[in-house]
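Colleague: One structure coming up, written as structure tokens, with questions to follow.
The values are calculated or read from the model by the stated rules, or taken from the named source; none is laboratory data. Because the structure is a prediction, the values reported are computed rather than measured. Reconstructed Cβ throughout: ideal geometry from the backbone, glycine too, with neighbour counts over all protein chains shown.
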Amino acid sequence: MDALAKYRNLLGDMGRYGSALRLLSWDQETHMPPKGIEARSEATGMLSRKRFELLVSDELARCLAELREADGLSEVERASVRHVGKEHSRNRAIPPALVEEKSAAEAQAQAAWAAARKASDFAAFLPHLEKMVGYARQFAEYYGYDEHPYDALLEDFEPGMTCRKLRAIIEPLRAELVPFLKKLVDEGTAPDASFLRGTYRVDEQRRLSRRALEVILYDFEAGGLADVAHPFTILIAPGDVRVTNRYVESDVLSGIFGALHEGGHALYNQGIPAELYRLGVAGGASNGIHESQSRMIENQVGRSLEFWNFFQPVLAEHFPQFGRVAPQALFAAANLVAPSFIRVDADEVTYNFHVMLRFEIEAGLIDGSIEAADLPELWNDAMKRYLGIVPPSDAQGVLQDVHWSVGAFGYFPSYMLGNLYAAQLYATMRDQVPHLDAAIGRGDLKPLVGWLRENVHRYGAMYEPQELMERITGHELDSAHFVRYVKEKYGAIYGCQTPSDS
């Protein structure tokens, strides 16, 4: 058997282990009974080790070495060798037993987090959090880094990104957003959102979320919708991309935007060719690029006047009290700017502050300057500094996100980068797609999804994020697109736009 055939077989086995692991994870979050956690953690630990052993195997190393010198590989095959080869090299130093141990601990920590969040009991989660921080520090040392241990973890989620680069992005962005937020509060007129107050049945919200997913062309023949405490989308395998959502009885918009956000992730996964999955390059260019797809569908589309022009009647079908509410009123209310405790419900102007404070805390946890036991106090202090509010409970503060329980240190910056990527991509799309706004106003998302399929989705992880952005937009990431977008949009909504904002 030649090197390419062996390579494909190895990736096939790794893909099947990964698919089983993701299916077990989805089940744990949606349907698994609480008493199943011990057996589940053992199963996920064993499967994680099996996949990892294949990833770092000498057989894969030999295949990669031969294929790097081979002629006649397709563009996708060459991209696979680069991408898988990088993952292989990064992980060779890590003991497989540690991977199994960490994976089992993640399953237990995830269950502990869910219970602690429900009870708003940080102390109950603390031992698990300390263990996950310990693993993150260990893996950072195994991976290696030049300047900061957090850089080693960022690489898993955002290739090429470092603490130094993030700070260079954050500082000017914060310098633009802080005074703009103050301007909105001090000089602007907040839209009336009082008509949104009420109680909205969860079963009807669930049906409405399904309608929203259908509008954006999510394929239910290749997926499904389930309830969870913290929404996520998961690629089980080609033809199986599942979406989850949560619903708040007092907030009908939360479920809609949650569905649109997760639907954006799902569109990306459903648009990646099966061949890329088989070659290990189906995960997307980076978490930030993946996040750009969800934030674009949620915000540039879902929080646009064009969207509400066609979705207002849909909303009224499910909740008749909105039958006499004008699309303009829904659009304005959906774009209310106000500091909030929960990241996933934050508006576009304040959202990035949530990510900035998490980056600050995570970097300190990993370099040892912050201890996990101090997080509730540090979190509340950071919320006060960034947003001027203090969470009334740990459930609305330090316990709100699932990421630390699953060891995803380095993930949070992708949310901010996703906002920036989304604005730059959307600006390019509007230049290239005639009458895009008019199509969205009719509820026709085919031009938008078609452009994303052609320019983003079909490449999967073939290119790293900056290379992909250059291919699509002609430039690396530039936060000026996001700043211009929020200033123009919210300045107009709040009636305080100035010539310098346009």
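Colleague: Of (1) modelled with pLDDT under 95; (2) in contact with an Asp or Glu (Cβ under 6 Å, 6 or more places away or on another chain), residue 499 satisfies all except one. Which?
Modeller: The one condition residue 499 does not meet is (2).
Colleague: When you scan segment 1-56, how many residues do you find that are buried (at least 19 other Cβ atoms within 10 Å of the Cβ), charged (D, E, K, R) and within 23 Å of the chain's Cα centre (by Cα)?
Modeller: So the answer is 1.
Colleague: Output the residue which, of all residues in segment 399-444 that are among the β-branched types (Val, Ile, Thr) and part of a helix (DSSP H, G or I), is surrounded by the most Cβ atoms within 10 Å (Cβ to Cβ).
Modeller: Per the stated criteria, the residue is 440.
Colleague: Continuing with this model, one more query. Restricting to segment 422-458, what's the tally of residues that are within 18 Å of the chain's Cα centre (by Cα) and within 24 Å of residue 80 (Cα to Cα)?
Modeller: Result for segment 422-458: 3.
Residues checked against (1) surrounded by fewer than 19 Cβ atoms within 10 Å (Cβ to Cβ); (2) without any contact (Cβ under 8 Å) to a residue 24 or more places away in the chain:
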site: 136; (1), (2): no, no
site: 149; (1), (2): no, no
site: 179; (1), (2): yes, yes
site: 192; (1), (2): yes, no
site: 200; (1), (2): no, no
site: 215; (1), (2): no, no
site: 220; (1), (2): yes, yes
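Colleague: When you go through (1) part of a helix (DSSP H, G or I); (2) at pLDDT below 95; (3) surrounded by fewer than 16 Cβ atoms within 10 Å (Cβ to Cβ) one by one for residue 71, which number turns out not to apply?
Modeller: So residue 71 meets the others, but not (1).
Colleague: For residue 36, indicate whether it is in contact with a helix residue (DSSP H, G or I) (Cβ under 9 Å, 6 or more places away or on another chain), part of a helix (DSSP H, G or I) and within 27 Å of residue 114 (Cα to Cα).
Modeller: So residue 36 passes the test.
Colleague: Further question on the same structure: Give me a count of the residues in segment 407-428 that are in contact with a Pro (Cβ under 9 Å, 6 or more places away or on another chain) and farther than 17 Å from residue 155 by Cβ.
Modeller: The total comes to 1.
Colleague: If I go through segment 361-376 residue by residue, how many of them are part of a helix (DSSP H, G or I) and out of contact with any Pro (no Cβ under 6 Å at 6 or more places or on another chain)?
Modeller: Looking only at that region, the number is 10.
Colleague: Go through segment 151-177 residue by residue and tally those that are surrounded by 15 or more Cβ atoms within 10 Å (Cβ to Cβ) and farther than 19 Å from residue 352 by Cβ.
Modeller: So the count comes out to 6.
Colleague: Is there a residue being of a type in the set (Phe, Trp, Tyr), crowded, with 24+ Cβ neighbours inside 10 Å and in a helix (DSSP H, G or I) anywhere in segment 263-272?
Modeller: The answer is yes, given that some residue of segment 263-272 is of a type in the set (Phe, Trp, Tyr), crowded, with 24+ Cβ neighbours inside 10 Å and in a helix (DSSP H, G or I).
Colleague: Can we say residue 461 is small (Gly, Ala, Ser), touching a residue at least 12 places away in the same chain (Cβ under 8 Å) and out of contact with any Asp or Glu (no Cβ under 6 Å at 6 or more places or on another chain)?
Modeller: Criteria met by residue 461.
Colleague: Now, a different point. Can you confirm whether residue 358 is under 26 Å from residue 256 (Cβ atoms), basic (Lys, Arg) and crowded, with 21+ Cβ neighbours inside 10 Å?
Modeller: Judged against the criteria, residue 358 is a match.
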